[in-house]
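What follows is a short report on a single structure.
Readers should treat all values here as calculations from the given coordinates under stated rules, not as data from a laboratory. None of the values given here were measured: they were computed from a predicted structure. Every residue, glycine among them, receives a Cβ derived from its backbone with ideal geometry; neighbour counts consider all protein chains shown.
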Amino acid sequence: MDTLIVNGGRALDGIVSVHGSKNSVLPILAATILNSGTSVIHNCPKLRDVDAAIEILKYIGCRVTCEDGCVTVDSRSATNLDIPDKMMREMRSSVIFMGAVLARLRRVSLFAPGGCELGARPIDLHISSLKALGALITEEGGSIDCRAGNLRGRDIVLSFPSVGATENTMLAATACTGRTRIVNAAREPEIVDLQNFLVSMGADVSGAGSSTIIINGRKPLHDVEYTVIPDRICAATFMCATALCGGRVRIDNVIPEHVSTLTSILDGIGCRVKVGKDYIDISREGSLSAIRSVRTMPYPGFPTDAQPPLMALASKCKGTSVFVENIFDGRYRHVGGLIRMGADIKLEGKVALVYGVKQLFGCPVEATDLRGGAAMVIAAMAAEGKSEVSHIEHIDRGYENIEKSMSRIGADIKRVIQV
């Protein structure tokens, strides 16, 4: 099992580029099934989750090639209706294949998905939405069997703006007769990216980015070439790392609007932030003041995925920072590692009080999940002494060679490969 060895205490300096969005490319890869043809996806990051999605595509029968950040999917021979339990357990986003395969092959058999253990993340909204479109779904012992039945467009009102349920409904609705309207849809940039991809292949989808999305189904689809947006959580991680370690870094290939809530926070606690068209310059000298209150919310609120890296930063901010986690009940699993490094954090339910300390100290820590693992890495970069971060397979799910990116801007970090 690979580990990261980090010698902390170095200020950062240089230029780093953000890779393509994990949370965009996964539903887009699932959507390549829909056109019964060829899809060319650019700016595709090399991540464990992407590898898992590609393996599912191959199992279904697609031909997939990967070269220099470009993935080509030929879905003409997609015929397999069942996705094995082992493949589904590799990542949470595997559930997105339910809507795509159902739309293309009229039936799909799969299992409840895996991924990071962040507490209860039921897929009931996915299932109820597809049922409302006319799908016939039976569940037994963790297996889910979906038949197309008579798929017809209708109004789908989500009780919560779930990203995954919004995406699954969008994909399935492309095969529905008539119009589907998703009310209280998720508004994340990744939803807009999926819409733009579907439109590029000929689908009639509009409204993404707002709370109402409209899909007019049964439109002929064709081959497509598309470039995925930059990863906003990767950008947020670089921003927090720079603020925590000090120095000056330019972050390229970023859409500043997508990280505006974090930009506002960093500017407010004492960082210097300059925003360009597709870059962010961030610098920090001296101490930072505490973050008064951070409440994770669906977009355009503060993203839950950026909470762990920001908490690592808050651990060294002067004063008391308050975090309220409203999305996942298991999103504080990184707190134990930060405390081992010397952070002073008190938890009570959804609330975390972070009392800033002068120094963190290197020690062995564990990446308990994807974003918590990123928090461990940037905390280790700022700590005094050496840290060893284990279970980095979680980090590899969402960051492309994080050690190379951080080394590029001055961190002393290397991967030790266990044979």
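Summary of values
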| item | result |
| --- | --- |
| Longest segment of the chain lacking GluC sites (Glu not before Pro) that sit in a DSSP loop with at most 14 other Cβ atoms within 10 Å | 118-284 |
| Full-stretch length increase - R152, T138 - with 0.36 nm per residue and alpha-carbon distance subtracted | 3.1 nm |
| Of all DSSP beta bridges in region 22-227, antiparallel share, percent nearest 5 | 75 |
| Listed residue pairs exceeding 26 Å between alpha carbons, taken from K22/K414; K46/K318; K316/K346; K274/K404; K46/K274; K219/K277 | K46/K318; K46/K274; K219/K277 |
| CD proxy at 222 nm, helix term only [per DSSP H run n ≥ 4: -39500 (n - 2.57); per residue of the chain; nearest 500] | -9000 deg cm²/dmol |
| Beta bridges per DSSP with both ends in the chain, % antiparallel, nearest 5 | 70 |
| Efficiency of FRET between A290 and M1 - r from beta-carbon atoms, R0 30 angstrom, step 0.05 | 0.25 |
| Simple label model, 7 Å out from Cα along Cβ direction - R408 to V351, nm | 4.1 |
